[in-house]
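Below is one structure, written out as structure tokens; comments come after it.
The values are calculated or read from the model by the stated rules, or taken from the named source; none is laboratory data. Note that the structure is a prediction, hence the values are computed from the model and not measured. Virtual Cβ from ideal backbone geometry, glycine too; neighbours counted across all protein chains shown. Calculation scope for accessible area: heavy atoms of the full protein, side chains included, ligands and nucleic acids excluded. Shrake-Rupley method; radii C 1.70, N 1.55, O 1.52, S 1.80 Å.
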Amino acid sequence: MNIGKKSSENQRRRLQEVGNFIIPGQKTLGRTVLGNRAEHPPELDTASRHNMDSSCKKMYGVNELDAKTKYTQYFSPYTPYAIIKESTINPMQVIYKAFSTGMVTGRTVIDFCKSPIITHLLAMKDFVHEIKSLHMCNAGVKEIEKWKNKDQDAFNWSHAVGILKELKGNRDKSKDEEEDLRGKLKEILELDFNKGIDSLCLPKADIVTSIWFLDAISKNHDEYRGNLRQLSNLIKCGGYVLIYACINCSYFKVGDIKYHVLSSDESFFRKVISEGGFDIKHFQKLDRLITCDSLDHDGMVFIIAQKVKEPQEAS
């Protein structure tokens with residue numbers, strides 16, 4: 001999209017060409033403004049971090065995590081802005097753009113997410129009709145159910161609604177975005193880690209999402225291939241998988257507890273997705289903006305891939 005000279009400053013800051021997003025600058029969602037972020041974070045000691053003894057890390061899906069601590073640490077209105085930018089603004093922008101430009105189309109979504117969040121679902125809900133949300137922790141299911149039922153203890157997502165309204169150009173100011181999503185979120189399900197994705201027996205969907213999911217449940221790259229194959233079984237031929245993942249990340253922390261992440265580079269993502277019967281339509285790397293001991297990533301990747309073969313045909 002070309003932005004003309006008469007475009008407002010907000011428009012210039014909000015949108016650039018498809019797939020390349022500019023984040024609004026001095027906007028305060030929490031205690032830290034974007035202007036305070038590290039533009040060029042120092043390199044971490046990748047050799048030591050990826051050789052870390054895996055026994056010291058818990059496995060998502062096997063070990064419960066503290067959902068409230070994770071929300072406060074990564075997703076709340078009071079989380080430092082640089083973290084919110086990586087955890088919330090960036091995913092919402094790329095997902096909203098993917099749907100609003102027609103790169104991704106479909107009516108039904110099966111969402112696999114590592115966290116009890118609705119931010120990415122807000123970004124896509126105007127373009128789909130039905131969403132099923134899958135979680136591997138009972139705590140995640142409970143938090144999403146509390147939000148859907150308007151429980152007074154549910155997590156606050158007003159800042160995410162504000163981000164969405166800005167992405168939409170502040171149209172439909174009176175629209176209740178959360179209520180609209182509640183109407184489209186048809187099922188909230190818990191996935192048994194021991195039984196695997198194939199145990200779900202759900203109807204195939206037009207779109208399946210993996211938001212920091214596959215790399216959290218896969219112990220090695222062979223398991224990742226197998227889990228991606230199981231995701232593919234839930235996608236109609238011609239449908240899409242949307243993957244949002246960390247690059248070269250081996251753990252994330254909730255409080256002081258470390259959880260496993262399968263470390264993967266860009267070449268692995270390209271290879272495993274192509275070999276899994278998908279045609280990659282969009283591959284975007286997002287730079288790391290935070291340097292802290294909560295996670296040891298080199299950046300993020302957003303991938304849109306269209307299913308062109310059934311898993312057995314691709315293998």
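If I compute solvent accessible area with a 1.4 Å probe over the protein chains, what percent of it on the stretch 169-297 is carbon and sulfur?
Whole-percent figure for carbon plus sulfur exposure: 43.
May I ask for the equivalent-ellipsoid semi-axes of the stretch 164-250, computed as the square root of five times each C-alpha gyration tensor eigenvalue and listed largest first in whole Å?
Result for the stretch 164-250: semi-axes of 29, 17, 13 Å.
Rounded, prolate or oblate, given the Cα gyration tensor of the stretch 106-235, with a/c below 1.5 counting as rounded?
Prolate, because a/c is 1.5 or more and a/b exceeds b/c.
Take Val308 and Asp192, extend 7 Å from each Cα along the Cα→Cβ direction, and tell me the distance between the two endpoints in nm.
About 3.7 nm separates the two model spin labels.
Say R0 is 35 Å: what FRET efficiency, to the nearest 0.05, do Asp279 and Cys56 get from their beta-carbon distance?
The value I calculate is 0.35.
How much accessible area per residue does the stretch 67-183 have, counting only protein heavy atoms and a probe of 1.4 Å, in square angstrom?
34
For the stretch 217-275, I need the span (max minus min coordinate) of the C-alpha atoms along each principal axis, in Å, sorted largest to smallest.
Largest first, the stretch 217-275 extends 42, 22, 18 Å along its Cα principal axes.
Report the accessible area of Glu166, computed with a 1.4 Å probe over the heavy atoms of all protein chains in place, in Å² rounded to the nearest 10.
Accessible area of Glu166: about 40 Å².
Per residue, what accessible area does the stretch 214-315 have, given a 1.4 Å probe and all protein chains present, in Å²?
Averaged over the residues of the stretch 214-315, the accessible area is 37 Å².
DSSP loop (so not H, G, I, E, B), at most 10 other Cβ within 10 Å: list which trypsin sites (Lys or Arg not before Pro) in the stretch 98-150 pass both filters.
Sparse-neighbourhood loop trypsin sites (Lys or Arg not before Pro): Lys150.
Using only the Cα atoms, what convex hull volume per residue in Å³ does the stretch 96-155 have?
84
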